[in-house]
Amino acid sequence: TISSVLGNLMQLTKLYLGNNTLSGRIPSELGRLDEMANLRLDYNQLSHTIPNEIGYLIHLQSLYLHNNTLSGTIPSELGK
């Protein structure tokens, strides 16, 4: 499980949690990480949908979510 407390680390620019067999949801609180540039959550067992809040990361340069069991659509906020 990814802790929602990570959303309080406001100066975090990189978060690499790939290949850790994490399960559950991607916390919407990660969308508060205004300085986030690189977010890697690939090769886990994450499920449910991608939170819309991830699309609010204005400095995001790379987002790796592959090899999970995510469902739903890609939020329209991503890539704006």
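The values are calculated or read from the model by the stated rules, or taken from the named source; none is laboratory data. Just so it is clear, the structure is predicted and the values come from calculations on it, not from any experiment. A quick note on method: Cβ atoms are made from the backbone with ideal geometry, for glycine too, and the neighbour counts reach across all protein chains shown. Keep in mind that these areas ignore ligands, DNA and RNA; they rest on the heavy atoms of the full protein, side chains included. Shrake-Rupley method; radii C 1.70, N 1.55, O 1.52, S 1.80 Å.
Annotations for the structure displayed:
- Residue within the stretch 59-78 that is open to solvent by less than 50 Å² (accessible area, probe 1.4 Å), part of a helix (DSSP H, G or I) and of a type in the set (A, V, I, L, M) present: no
- Any chance Gly24 is in contact (Cβ under 8 Å) with a residue 12 or more places away in the chain and out of contact with any Leu (no Cβ under 8 Å at 6 or more places or on another chain): no
- Residue count for the stretch 48-58 satisfying the condition of being touching a strand residue (DSSP E or B) at 6+ places or on another chain (Cβ under 9 Å) and either open to solvent by less than 30 Å² (accessible area, probe 1.4 Å) or modelled with pLDDT under 95 (or both): 3.
- Meets criteria (touching a Leu at 6+ places or on another chain (Cβ under 8 Å) and without any contact (Cβ under 8 Å) to a residue 60 or more places away in the chain) for Pro51: yes
- Looking only at the stretch 28-47, and only at residues there that are closer than 11 Å to Asn68 by Cα and among the polar types (S, T, N, Q), the one that is most open to solvent (accessible area, probe 1.4 Å): Gln45
- Failed item, numbered, when Arg25 is tested on (1) buried (at least 17 other Cβ atoms within 10 Å of the Cβ); (2) within 10 Å of the chain's Cα centre (by Cα): (1)
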